[in-house]
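Shown next, in structure tokens, is the structure this report addresses.
The values are calculated or read from the model by the stated rules, or taken from the named source; none is laboratory data. Please read all numbers here as calculations on a predicted model, not as lab measurements. Quick reminder, even Gly has a Cβ in these numbers, built from the backbone with ideal geometry, and neighbours come from all protein chains shown. Please note that ligands, DNA and RNA were not included when accessible areas were found on the heavy atoms of the full protein model with its side chains. Shrake-Rupley method; radii C 1.70, N 1.55, O 1.52, S 1.80 Å.
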Amino acid sequence: EITTRLVGSEMCIRDRQTTLDRSLGICQVAELEGKVTREVLEEVMEEDCERLLIRGDAQITRDGADYLAEKKLVLLGVEQETVGNETSGNDVHQQLLKKGTVIVENLNLEKVTSGHYFLVAAPVKKKHQYGGPIRAVLIEN
């Protein structure tokens, strides 16, 4: 069984309130497949998007991660086990974490359509942990 997990920067996890603030709120769900580049994100993301969940078999590219960091995205969620691909996965992870973006991996968005929802993805409180399991819930607006 794959567990949905939240990964945040060490600084973000130490300040649990910041993590909680980032993991609760309005989010945009977008259906994407393949490489998710800057150009793809520019077309899909709304201007005021702070939390983005990607439904589908998608891999964020380095330039896509740069764009998300520039947009000051507070949370990125994906259905895969990692946000990047086999070659860029760690780089993409680090790019996003350095900018304070919380990453949620292994989401089950199978029955979710594109649109806006209220996201509840509160982390389980554990000492000195930089990532951990969550139960992510989307509430229709």
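Within segment 76-93, take every residue that is among the hydroxyl-bearing types (Ser, Thr, Tyr) and more than 14 Å from the chain's Cα centre (by Cα) and give me the one that is surrounded by the fewest Cβ atoms within 10 Å (Cβ to Cβ).
Filtering first and then ranking leaves Thr87.
Search segment 91-116 for residues that are in a helix (DSSP H, G or I) and pair each with any residue that is modelled with pLDDT under 85 when their beta-carbon atoms are under 6 Å apart and the residues are at least 6 apart or on different chains.
These pairs meet every condition: Val92/Val83; Val92/Gly84; Leu97/Ser9.
Give me the pairs: first residue in segment 24-53 and closer than 16 Å to Leu107 by Cα, second residue open to solvent by 60 Å² or more (accessible area, probe 1.4 Å) and among the charged types (D, E, K, R), beta-carbon distance under 8 Å, and six or more apart or on different chains, which are they?
So the pair list comes out as Cys27/Glu50; Gln28/Glu46; Glu33/Asp57.
Inspect all residues belonging to segment 21-43 and state whether any of them is acidic (Asp, Glu), within 26 Å of Glu140 (Cβ to Cβ) and at pLDDT below 90.
First, the residues of segment 21-43 that are acidic (Asp, Glu): 21, 31, 33, 39, 42-43.
Restricting the remaining residues to those that are within 26 Å of Glu140 (Cβ to Cβ) gives 21, 31, 33, 43.
Applying the additional criterion that residues be at pLDDT below 90 yields 21.
Yes: segment 21-43 contains one or more residues that are acidic (Asp, Glu), within 26 Å of Glu140 (Cβ to Cβ) and at pLDDT below 90.
Please enumerate the residues belonging to segment 56-65 that are crowded, with 21+ Cβ neighbours inside 10 Å and at positive phi.
Correct list: empty.
Got a sec? Which of Leu119, Leu53, Leu68, Leu73 is crowded, with 19+ Cβ neighbours inside 10 Å, in a loop (DSSP other than H, G, I, E, B) and at pLDDT 90 or above?
Unique residue meeting the criteria: Leu73.
Of the numbered conditions (1) open to solvent by 10 Å² or more (accessible area, probe 1.4 Å); (2) at pLDDT 95 or above, Asp15 satisfies every one except a single condition; which is it?
Status for Asp15: all satisfied but (2).
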